[in-house]
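Quick notes on the structure that follows.
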Amino acid sequence: MDSYDFDKLRAALPLPELMQRLGLGEHAKQAAFCPFHKNTATPSFSVYQKESGRAYWKCHSTCGGGDEVDLLEKYLGLSKPEALKRWEELAGGAVHLKPVSSYPMQRTPVPALTREPVAMPSDLHAGTPAELETVARLRGVDFWAVATMRQNGVLQFGTVCGLPCWIVSDPAKRIAEARRMDGLLFPAFEGGTARKAHTLKGSAKSRPVGLMLPGKLHDCFHNVLLVEGSGDFVAGYHFAMERGQNWLPVAMLGASTLIHPEALPLLRGKRVKIVPHADEAGGAGALKWAEELERIGCEVSGFDLTGLRKSDGSNVKDLNDCTDIHPDDATELEGLLK
Ligand SMILES: [Zn+2]
């Protein structure tokens with residue numbers, strides 16, 4: 001733990017900035033409502049500065065107070081070593097923040113996005129009907145699922161690694177993953193193995209895809225279907241289009257990462273159903289996400305794909321496999337969007 005350079009961390013991401021990053025910017029002032037306990041009558045929370053120039057927080061009720069590490073521990077439910085690690089991670093991404101020794105307490109909010117956007121292909125485009133048709137056929141999903149993704153700005157097309165690809169990304173271009181239009185694998189390079197998806201350089205794996213929609217439409221969705229990977233993201237749209245009332249498909253593009261703190265405020269208070277891949281990594285990822293989401297007041301449930309079969313009798317591995325469900329298992333799948 002003593003490998004941490006606190007002065008450096010504090011210079012890169014001091015308390016007020018950290019709170020902005022966590023979506024707590026409105027609380028980063030001398031008199032605010034406490035983010036930890038419910039009380040809409042009295043502002044009992046304050047962020048203040050000591051003579052050293054360092055900022056601290058305090059709840060004048062019973063939630064306690066402290067520095068950046070104490071806040072991360074309390075807000076994200078982390079241990080001290082975990083909180084330190086998270087602070088370092090967050091500070092590492094904060095390359096544009098000026099190191100200054102003292103911060104005024106009331107600042108205009110800093111932009112939440114602190115990394116350069118992903119470099120998208122130069123021929124990036126929204127997708128022709130023929131391209132949408134190809135993806136729908138390739139993934140075995142309804143055309144309108146794919147067309148809705150295009151409309152929502154989460155599905156685009158372009159050339160990646162010299163190959164025509166479909167690309168899922170968030171509107172802010174913090175993460176993007178490409179897959180080949182011909183359904184084949186990307187060839188192995190530099191000793192790696194061939195892979196079905198290619199993550200574009202600069203992507204932040206902890207950013208969920210699909211959570212932000214144009215025109216703040218995401219505010220209208222009370223139910224989130226949280227899936228893993230671009231393939232299941234498309235399948236999520238398929239099932240949401242087919243029978244979903246008010247379900248928003250959202251994808252994490254890897255099971256091994258936590259959800260980025262900046263994304264958490266958008267999920268706060270929503271009902272989230274997690275559909276992990278039917279494997280160990282998927283299950284472990286789902287448990288971590290569930291913990292994070294419960295902490296911010298989400299009603300979290302899971303949908304276990306284990307035991308479901310495809311029409312050919314083989315085991316379902318992910319949500320995309322469910323587009324080809326065995327007739328005897330179809331009723332079980334009815335519970336997906338309930
Ligand atoms: Zn409090």
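Every number here is computed from the coordinates shown, using simple stated rules; none is lab data. Source: prediction; values computed, not measured. Every residue, glycine among them, receives a Cβ derived from its backbone with ideal geometry; neighbour counts consider all protein chains shown.
Taking amide hydrogens as placed 1.01 Å from N in the peptide plane, the amide H of Asp170 sits under 5 Å from those of Ile175, each at least 5 positions away in sequence or on another chain.
Each Cα pair of the range 151-243 feeds into the Kirkwood radius, which the Stokes-Einstein equation turns, at 4 °C and 1.567 mPa s, into a diffusion coefficient of 91 µm²/s. Calculated FRET efficiency, Glu133 and Arg295, Cβ-Cβ r, R0 51 Å, to nearest 0.05? Plugging the Cβ-Cβ distance into 1/(1 + (r/R0)^6) gives 0.75.
Each principal axis of the Cα cloud of the chain was evaluated for its coordinate range; sorted largest first, these ranges are 69, 42, 39 Å.
Between Cys63, Cys220, Cys161, the Cα set farthest toward the positive side of the dipole of the chain (charges on each charged residue's Cβ, about the Cα centre) is that of Cys63.
Report the calculated FRET efficiency for Leu163 and Ser314 (r = Cβ-Cβ distance, R0 = 35 Å), to the nearest 0.05.
With R0 = 35 Å, the Cβ-Cβ based efficiency is 0.80.
Protection proxy ranking of 6-14, 207-215, 168-176, 228-236, by the mean of other Cβ atoms within 10 Å over each peptide's residues and highest first, is 228-236, 168-176, 207-215, 6-14. Per residue of the chain, the DSSP helices (runs of n ≥ 4 H) give a summed -39500 (n - 2.57) that works out to -8000 deg cm²/dmol at 222 nm.
Can you give me the relative contact order of the chain as a percent, contacts being Cα pairs under 8 Å and 6 or more apart?
Numbers: 613 pairs, mean separation 38.6, N = 338.
Relative contact order comes out at 11 percent.
Cross-link reach is defined here as a Cα-Cα straight distance under 23 Å, omitting same-chain residues fewer than 8 places apart; for Lys216 the lysines meeting it are Lys173, Lys205, Lys270, Lys273. The label-point distance for Ala188 and Ala330, in a model that sets each label 7 Å from Cα toward Cβ, rounds to 4.1 nm. Compactness of the range 234-281 was expressed as the Cα radius of gyration divided by 2.2 N^0.38 Å, which yields 1.27. A simple packing score, the average count of other Cβ atoms within 10 Å per residue, orders the peptides 19-25, 39-45, 200-206 as 19-25, 200-206, 39-45, with the highest score first.
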